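Undergrad: The following block contains the structure, expressed as structure tokens.
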Amino acid sequence: MPRTRKLQLLYKELLVPLSFGIVAMSLILWEQGSQGEGNRSVPWSEWILLIYGLVVTVIGLLIFRRKIRWGKTDLQRSPAFSTLKAVHTGDESSQRLQEQLNYLTDSQKKLEEQLKTQTNRLKQYMIHPLFHGGFETAEMMSQLGAMGYSFEHQQWYAVVSVQIEPLEQTRFEEKDRELLYFSVQNMLEELIPAANRLPSVRLEHTIVLLVMNDKGTKETLRAALEGWIATVQTAVYHYIQLKTCIGVSGVFGRIEDCPAAFHESVKAFKYHNWSGQEQSVFYFEAMQSGQGLPFPEAHPLEPEWLEAVKSGETMRADMLMKQIIQDLFQTSLHPLGMEMSMVRLLLLFLDHMRQWGTVYEPAPSLKTSLLQEVLELRNAAEAERWFKESLMEPCIRAIEGTMKSHKRHLLDQIVHIIHEEYDTELSLESVAGRLHYNPNYLSGLFNKEMNITFSEYLAKYRHDMARKWLIETELPVKEIACRLQYKNSQNFIRSFRKGQGMTPGEFRLKYGRNPLIQESVYLLERNKEHV
């Protein structure tokens, strides 16, 4: 109820009975005064009237007091009174009120910011299918129209892909990457007019932007693009001292061609990186002029590189791998041809790992498939680092884990070949070829593990067989030399004398009469010499 209405009722309820009582008392006094002095007693009706007036007056005063209390209570409950009381009762209550007002203001601002952020995310989510494909044109137009974007008067479009330079060459660290991309994305949207673009979106390590114009020709859009890109690159370098690499698709006239244009911009960007050119912007249309697509060929250093990996020679394998990749980047500048070369090198390495019986254990940093990662390589430095960290190092670790048993098995194979084929033209090169190993590696391994060279072990085993034949058979020395692949008997005699301390004839004369006993004596003497 309004305060004015309450006051009206207060006056109505209090003044009527109060006025009535006062009038009654006045009449009594007037009547007494009119009669003059005397001892006449007052009539009982006058006393009743006097008492009635007093009672009514007291009741009116009581009612007035109650009404005043009720009015005071209502006033204290009013917001105006609370505010006035807070102001007059001290700084603490006033400060509390101010804090509450500030809290409400801050909450409102936060809600507005959250709403703006969620709206931007929703726009980006709805724009993603434009670059991935698989959308219905009418439905996409309807969704973009609901966000306030109209394509009725747009004539030409182009897709721009932006990436930042590798952070290894800057003052930033890998943890700063997301913040840097966020800054570049904001500069793009601030410096390119909103009427000529859609909101930019992030596709992994690439910022993608659809630009457009509503009048003019393709050349008009290209000219505007050059100006916008130059402004953005200048601002990025000025504020965060960072270089950007930009790929631009061909200009197209249908919104349905956005997915193909996005791939064009990425290919143009890759061509820019692989070509090693100093320019920071590359156009897909320029890349297409006068370039064929050569089929990737094997590099002559690939077998040596794979052999170094198999042997666990990390430094040598790393050096050969860098040389191979540098040569590939210098000879194959077409994006598709470069991708084919990288994929071929990856499959070649994995196939040899399968042949070696090595189980591939991915590096902890690997988040996607090997094929997808190799297709995302941007330059020679990234390719070298990726092949080293994602392929070579895991493979070498796996090889080293089984190297001991593998070496033992390999040595057993070599010894078995010597024991079975000592009477053939056997050499370290022929054994290495059969086992698919480098002769130098087998030579070093055999010498290290057996404490004797391959040729010395082969000669020793042939001497043992010659000694056995000299004791147990009547074969001529010339025939024994021929069986053991000596070119002539004189070479055999010289080699036998060097290893046994006597000629084959002397050995037969000394041990040939009692083969078993003499053989035992000979073995004991040989053991004493070695000790």
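Taken together, the values in this text are just the output of simple stated rules run on the coordinates, not laboratory data. These numbers come from a predicted model, not from an experiment. We place every Cβ from the backbone using ideal geometry, glycine too, and count neighbours over all the protein chains shown.
Undergrad: Taking the highest mean first, how do the peptides 303-310, 464-471, 238-245 order by number of other beta carbon atoms within 10 angstrom per residue?
TA: 303-310, 464-471, 238-245
Undergrad: Given Cα pairs under 8 Å that are at least 6 residues apart, what percent is the relative contact order of segment 302-384?
TA: Computed over segment 302-384, the figure is 32 percent.
Undergrad: Would you mind classifying segment 302-384 by shape? Square roots of the alpha carbon gyration tensor eigenvalues, ordered a ≥ b ≥ c; an a/c under 1.5 is rounded, otherwise it is prolate if a/b is larger than b/c and oblate if not.
TA: Judged from the Cα gyration tensor, segment 302-384 comes out oblate (a/c at least 1.5, b/c at or above a/b).
Undergrad: Taking the mean number of other Cβ atoms within 10 Å as a proxy for protection, how do you rank 246-256, 179-189, 104-114 from highest to lowest?
TA: Output ranking for 246-256, 179-189, 104-114: 246-256, 179-189, 104-114.
Undergrad: Next question. For TYR486, what residues show an amide H to amide H distance below 5 Å, using hydrogens built from the backbone and excluding near sequence neighbours?
TA: Sorted by chain and number, the residues that satisfy this come to none at all.
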